[in-house]
Amino acid sequence: MNPLVLASRRPVAVIARALALLFLVSFLFFPVYWMMVTALKPNQQIFVQFPEFIPTHPVLDNFKRAISQSNLPTYLVNSMITAGGSSLLTTTLAALAAYGFAKYRFSGRFATMNIMIGAQMFPFAVILISLYPMMQSAGLLDTLTGLTIAYVVFALPPAIYILFSFYSRLPNELIEAARIDGASEIAILRRIVLPLSKPALISVAVYSFTWAWNDLLYSLTLVTSDNLRTIGPGLLLTFFGEMQQDWGGAMAAAILASLPAVIIFAFLQRFFVAGLTSGAVKS
Amino acid sequence: MSSVRIENASKAYGGLKILHEVSVDVADGEFVVLVGPSGCGKSTLLRMIAGLENVTSGTISIGEKVVNNVLPKDRDIAMVFQSYALYPHMTVAENMAFSLMLKKASRQQIAAKVGPAAQILGLTPLLDRYPRQLSGGQRQRVAMGRAIVRDPQVFLFDEPLSNLDANLRVTMRGEIRALHQKLGTTTVYVTHDQVEAMTMADKIVVMREGRIEQVGHPLELYDQPRNMFVGGFIGSPSMNFLEATLDEASLTIGGIALRRPETMPNVDAATVICGIRPEHFELRDDGVPMEVAVVEPLGSETQVIGTIAGQSLVCILKQRLRARQGEILYLAPQTDKVIYFDKSTQVNIGI
């Protein structure tokens, strides 16, 4: 905000506003801050009665342990495969479905779409209960393919919805002009619709990627072999057991695990915001 | 180039009928304008010619071929949309070349088509720009360029000028007309603006509520409207409609009996509606008294708005005059120019 604008306001209002923002920011970022601080402390310093908010003697031992002791590289690769795969699959399926729902007239299209979007109403733990026996009978339990499909199941409805609202806003005349210009339906999708929906597609891809990356429950339930674990359950089971609780190591590993998601988000957030808000206001 | 023939075409959405057995012939190279108030079905008819809407019954032919079941891309037509529908992620050159690219034309072929089309429309310096970097008139030209490049049998225009400001509209009107004269391509043009229709068309098709009211040359419609709707729709300011009674010797408007004109259709004494164009009045002492509401001096002429026997009226007089509100002017219609309509059917009884 322009400092002149701030100065022209009443000081009490300015201070109240600043405090409110500070509270909100600390509420959101304190866990992240605490994760970083803890990762830099030796384990015996973590449980002292008066913890240090800024570590006086930061150490990197936790990071070394996180890399050497755990299967971190394997977990990272598994997460990349499942999150990346489900993100790709979700975006592709959602783009096709949403475009169909938005731009083609066929009987029962609203009913079909509402049923698909209605799937979102169920808590994801509930979906998991019905998903488990299906995965079992399909022989997909304890496989990365099965886990990827499970992520798609959950991410697809909101993805369709986001893209549906985007495509509904895309002028029909563009599609009709392309149709008259001689484009087939596939060519229209590939050369007109998809290039124009890049922001929305990226936001859907980021959304489904982060969802899968952050998952704990599905992965913990559907995958049991250690070499197939994704980052969340992998770290949990490495650093916490019946006998041990290595908070420092866990926090260091958590930082390493968040990095890819943070990097992706930082690069694509411009599109992400544009994609989510597109259609909200008249441009 | 090709002719377009529409025979008994109907369009219905479910039970709702939008077009009722419409027939229009567009000759090879002709510029035909479909005009009518919004909701009259003109755009639907155009979209049916384009193949964007299917035909419920009847046939549409382009050239000799019935195209009812032919896909838009195989109809060899080009369409200019009201919103221009330029592809936002492509440059002007790419927009114009898109149809050729889809046909897998070579780079040389594309350049050979896009270059001259851009030249004709003055788009050469803008070829590398994106649509968002263009003004409304330039976008309009790109949309036309995209159509020209196709070298189609028929051009279809769907209200192409309604998003432009008034001055630009007049300019673009001339450009489209000039383009038609240069290329000679059969054109079907939809507008709700009767001035556009009058100034551009070889032939006007006036539509209302899914039916054709009259087809003809612009001045034919102006001089001999088939009914009150066409009379009122074509021409600006609109034709005046005054109720009058008729007997063997005279025509009485507003209580004043005028001599029954010799051109008068042979109808029995009755109440008729006189359709009188604003310019077909003159000031005359033995005329009908009009109470003046507004006088608008336009320099070359004077437009006067007022009432005769409670019926409102607009007239355009050649002379300059000063008259205040409430003043009485005596007006006489040029009786040989008056058009007579049946009061109940609203049909022109002179033809």
At 7 Å along the Cα-to-beta-carbon direction for both residue B:300 and residue B:219, put a label point, then send me their distance in nm to one decimal.
1.6
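I'd like the FRET efficiency for residue A:126 and residue A:59, computed as 1/(1 + (r/R0)^6) with the beta carbon distance as r and R0 of 56 Å, rounded to 0.05.
About 0.80, to the nearest 0.05.
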Using the Karplus curve 6.51 cos²θ - 1.76 cosθ + 1.60 with θ = phi - 60°, work out ³J(HN,Hα) for each residue of the stretch A:137-145 in order, rounded to whole Hz, and write x for Gly and Pro.
5, 8, x, 9, 5, 6, 10, 5, 4
Can you pull the one-decimal nm distance between simple spin-label points at residue B:178 and residue A:265, each 7 Å off the Cα toward Cβ?
5.8
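Rounded to the nearest 0.05, what FRET efficiency do residue B:56 and residue B:327 give with R0 = 41 Å and r taken as the Cβ-Cβ distance? Could you check?
0.15
Multiply the residue separation of residue B:167 and residue B:135 by 0.36 nm, subtract the distance between their alpha-carbon atoms, and state the gained length in nm to one decimal.
My answer for the length gained is 10.1 nm.
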In what order, largest first, do B:233, B:81 sit by accessible area if the probe radius is 1.4 Å?
B:233, B:81
Using Cα centres only, tell me the gap between the stretch B:67-138 and the stretch A:198-256 in whole Å.
50
Expected output is a single nm value to one decimal: the length gained when fully extending between residue A:172 and residue A:45, i.e. 0.36 nm times separation in residues minus the C-alpha distance. What is it?
39.4 nm
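Just the number please: accessible area per residue for the protein assembly as shown, 1.4 Å probe, all protein chains included, in Å². If you can, show how the numbers build up before the last one.
Working: 31790 Å² over 634 residues.
Here the residues of the protein assembly as shown average 50 Å² of exposed surface.
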With the Cα gyration tensor of the stretch B:64-192 giving a ≥ b ≥ c as the square roots of its eigenvalues, does the rule (a/c under 1.5 for rounded; else a/b larger than b/c for prolate; else oblate) give rounded, prolate or oblate?
oblate
Within a Gaussian network of chain A (alpha carbon springs, distance under 10 Å), most fluctuating of A:65, A:229, A:105
A:105
Among B:171, B:52, B:125, the residue whose Cα sits farthest towards the positive end of the charge dipole of the protein assembly as shown (+1 at Cβ of Lys and Arg, -1 at Cβ of Asp and Glu, taken about the Cα centre) is B:125
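When you look at the Cβ of every residue in B:74-84, what mean number of other chain Cβ atoms sits within 10 Å?
3
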With Cβ to Cβ distances under 12 Å as the rule, what net charge do the other residues near residue A:74 carry (K, R +1; D, E -1)?
0
With chain B treated as a Gaussian network of Cα nodes joined by springs under 10 Å, which of B:245, B:171, B:59 yields the largest mean-square fluctuation?
B:171
Long-range amide H contacts for residue B:260: which residues qualify at under 5 Å (H placed 1.01 Å from N, peptide plane, sequence gap of 5 or more or a different chain)?
B:250, B:251
With a point put 7 Å past each Cα toward its Cβ, work out how far residue B:65 is from residue B:343 in nm, to one decimal.
5.6
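So, R0 is 56 Å and r is the distance between the beta-carbons of residue B:284 and residue B:89; what FRET efficiency does that work out to, to 0.05?
FRET efficiency, residue B:284 to residue B:89: 0.25.
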At a probe size of 1.4 Å, how large is the accessible area of residue A:36, to the nearest 10 Å²?
100
Rounded, prolate or oblate: which fits the stretch A:1-135, taking a ≥ b ≥ c as square roots of the Cα gyration tensor eigenvalues, rounded meaning a/c under 1.5, else prolate when a/b beats b/c?
oblate
Just to be sure I understand: if you take the accessible area of chain B alone plus chain A alone and subtract the pair, with a 1.4 Å probe, what total do you get in Å², rounded to 100?
1700
With every protein chain kept in the model, how would you rank B:10, B:106 by accessible area, 1.4 Å probe, largest at the top?
B:106, B:10
Alpha-carbon centroids, the stretch B:165-201 and the stretch A:62-123: separation in whole Å
51
Quantify, in whole percent, the carbon and sulfur part of the accessible surface of chain B (1.4 Å probe; protein heavy atoms only).
48
If you average the sequence gap of Cα pairs under 8 Å that are 6 or more apart and divide by the length of chain B, what percent do you get for the contact order?
16
Taking A:103, B:337 and ranking on accessible area (1.4 Å, protein atoms only), highest first, one gets B:337, A:103
Taking protein heavy atoms only, a 1.4 Å probe, and rounding to whole percent, the accessible area of chain A owed to carbon and sulfur comes out at 71
With a ≥ b ≥ c the root eigenvalues of the C-alpha gyration tensor of the stretch A:22-96, is it rounded (a/c under 1.5), prolate (a/b larger than b/c) or oblate?
oblate
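The values are calculated or read from the model by the stated rules, or taken from the named source; none is laboratory data. What you are looking at is a predicted structure, and each value in this text was computed from that prediction instead of being measured. Cβ atoms come from the backbone with ideal geometry, glycine included; neighbour counts cover every protein chain shown. These accessible areas exclude ligands, DNA and RNA; they are computed on the full protein's heavy atoms, side chains included. Shrake-Rupley method; radii C 1.70, N 1.55, O 1.52, S 1.80 Å.
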